[in-house]
Amino acid sequence: MYDWFINLFLKHKIMSTTNVNIVLFGKGNVGSTLINQIIDLQKKENNKTNLTIIAIANSTKALINFNGIEGNWEQDFNQFSENYQPEKLISEIVASGLENLVAVDVTASQEILNYYDLLIKSGFHLVAANKKANANTLDFYQNLRKKLNKHNKQFFYETNVGAGLPIIEPIKNLVAAGEKITKINGVFSGTLSYVFNRFATQNISFSEIVTQAKRNGLTEPNPIEDLEGTDVARKLLILAREIGVEKELQDVQVNAFLPKDITESDLPSLDADFHNLKLTQKEGHVLKYIGELDVEKNTLSIGLQAVDKNSPIGQLSGADNIIQIFSENYNQNPIVIQGAGAGKEVTARGVLGDIIRLANSLTNLKNKEKSVFYEEKIA
Ligand SMILES: NC(=O)c1ccc[n+]([C@@H]2O[C@H](COP(=O)([O-])OP(=O)(O)OC[C@H]3O[C@@H](n4cnc5c(N)ncnc54)[C@H](OP(=O)(O)O)[C@@H]3O)[C@@H](O)[C@H]2O)c1
């Protein structure tokens, strides 16, 4: 009778999901959407997760609630948040004794990287939409991984490239399975995708397309930042490092298509040149802003390229991203991943996917430990 009870109790325990306690850094477009997605998911009847948001911070304020931040969080944040001091926030959370902590970085901040080390040492796993850590110096990148290993902590960052599209995880899986990746190329920026997809197919000036992209919320406040390609360079570098290519951001060859030091108001003066560029392309070819990692040549480059308009990249439309992965076994027909590569909803959903992946791995770990205990008990 006693054995039967123990069996039932332990089996039930082995199946239960781990509660993950989330600290959210950033409550902008992606952060706010993520909070709402988490709260909605917890209310769903078929929900299999157990996620609690215990703190939310922006660059100046932070709100903590160890019982869980829920529905009226925006009002609570305005009313009850205190001055944001990262060390204080982290130490208060550690003092609470809560386990399974995850720090979710949905900022675009460089400064927050100064706290990754402290977070890991304090027991946090990491999830980031912020690309700055993985596109930082190689030294930082490698040290971060050493610290994660040392403290047995995990780091998920699927949304660093292609927003919610699954790109990093499939590449990790290919690498882990011993597949030799030879080349990755594609269109990695929703903004540049939109701009050049319209430029290729519509009779409208380049500057007007950029203005409309900005009006539709598809660009940074200063669209020149998108057109310069730094964000694309970061994404390409992150993918390169994923397959073991040890490069720095400066190693990405940027084939600029804009004159140096240009401002947004200068763009109309370039319309005639852009129009000529379009007219002088080879028959059946269109211009796309492409990032390419050539593993064999050991090069990373980004810039405008003329491609066959019937190729997968040539047919791209809207603000979609497309990523082609070539490898020893996918050499003629690459793996092609395509879809919306920007937007707060898809990005937040991708970050939530990362949090759930972390929760599942913690559950598996816990179950493994329990199953050893269970086997010992019934042996
Ligand atoms: N939007 C997309 O489609 C997309 C796609 C893929 C990846 N991402 C990445 O997701 C991240 C967030 O994007 P977003 O569009 O949500 O940006 P956003 O609207 O500008 O929001 C950024 C948030 O981070 C906060 N913040 C800044 N520095 C901070 C710090 N040191 N500590 C805590 N919070 C800080 C800001 O607070 P304040 O308001 O006080 O400044 C704000 O709440 C970025 O790294 C972006 O590259 C975005």
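The values are calculated or read from the model by the stated rules, or taken from the named source; none is laboratory data. Bear in mind that the values here come from a model prediction, so they are computed numbers and not experimental data. Because the Cβ atoms are built from the backbone with ideal geometry, glycine has one as well, and the counts that use them run over all protein chains shown. For accessibility, only protein heavy atoms count, side chains too; no ligands or nucleic acids. Shrake-Rupley method; radii C 1.70, N 1.55, O 1.52, S 1.80 Å.
Legend: calculated FRET efficiency, residue 222 to residue 272, from the Cβ-Cβ distance at R0 = 22 Å, rounded to 0.05, equals 0.40. Farthest toward the positive end of the dipole of region 41-152, out of 103, 77, 59, is the Cα of 103, where the dipole comes from beta carbon charges about the Cα centre. Subtracting the Cα-Cα distance of residue 95 and residue 137 from their residue separation scaled by 0.36 nm leaves 11.9 nm. Counting Lys and Arg as +1 and Asp and Glu as -1, what is the net charge of the other residues whose Cβ lies under 11 Å from the Cβ of residue 314? After counting each charged neighbour, the total is +1.
Let me spell out the model: positive unit charges on the Cβ of Lys and Arg, negative unit charges on the Cβ of Asp and Glu, origin at the Cα centre of the chain. What dipole size does that give, in debye rounded to 20?
Values: 39 positive and 44 negative charges, 200 e Å.
Dipole size: approximately 960 debye.
Each label was represented as a point 7 Å from its Cα along the Cα-to-Cβ direction; for residue 279 and residue 36 these points are 4.7 nm apart. Taking the Cα centroid of region 125-187 and of region 56-87, what is the distance between the two, rounded to the nearest whole Å? Computed from Cα coordinates, the inter-centre distance equals 29 Å. Please report how far the C-alpha centroid of region 31-47 lies from that of region 221-298, rounded to the nearest whole angstrom. That distance is 37 Å.
Could you please state how large a percent of the accessible area of the chain is carbon and sulfur, counting protein chains only and using a 1.4 Å probe? Mind dumping the intermediate values first?
Details: 9270 of 19110 Å².
Roughly 49 percent, rounded to a whole number.
Pairs from the list 150/183; 150/172; 180/309; 27/150 with a Cα-Cα gap above 24 Å: 150/183; 180/309; 27/150. The antiparallel fraction among DSSP beta bridges confined to region 36-126 stands at about 60%. Of all DSSP beta bridges confined to the chain, the antiparallel ones make up roughly 60%.
Between residue 80 and residue 371, take the C-beta separation as r, use R0 = 30 Å, and let me know the FRET efficiency to the nearest 0.05. Mind dumping the intermediate values first?
Numbers: r = 42 Å, r/R0 = 1.40.
Once the sixth-power term is evaluated, E becomes 0.10.
The GNM of the chain, with springs linking C-alpha atoms under 10 angstrom apart, assigns the highest mean-square fluctuation among 259, 312, 166 to 259.
Please calculate how many Å² of accessible area region 173-292 carries per residue, with a 1.4 Å probe and no DNA, RNA or ligand atoms counted.
48 Å²
Could you tell me which helices of the chain pass both thresholds, a Cα extent of 30 Å or more along their own axis and a mean Kyte-Doolittle hydropathy of at least -1.0, with helices taken as whole DSSP H runs?
Working: long enough: 344-378 (49 Å, -0.40).
Once both thresholds are applied, what remains is 344-378.
Distance between the pseudo-spin-label points of residue 329 and residue 204 (7 Å out from Cα toward the beta carbon): 4.4 nm.
Electrostatic bookkeeping for residue 266 treats Lys and Arg as +1 and Asp and Glu as -1; over the other residues with beta carbon under 12 Å from its beta carbon, the sum is -3. Label point of residue 261 set 7 angstrom out along Cα-Cβ; within region 191-230, amide nitrogens under 18 Å from it belong to 224-225, 228.
Only Cα pairs under 8 Å and at least 6 apart count here; give the relative contact order of the chain as a rounded whole percent.
On the way: 631 pairs, mean separation 79.4, N = 379.
Rounded, it is 21 percent for the chain.
Provide the net charge surrounding residue 158, with neighbours chosen by a C-beta distance below 14 Å and charges set as Lys +1, Arg +1, Asp -1, Glu -1. The partial results should precede the final answer.
Numbers: positive: 131, 172, 235, 349, 357; negative: 105, 169, 242, 354.
Once positives and negatives cancel, what remains is +1.
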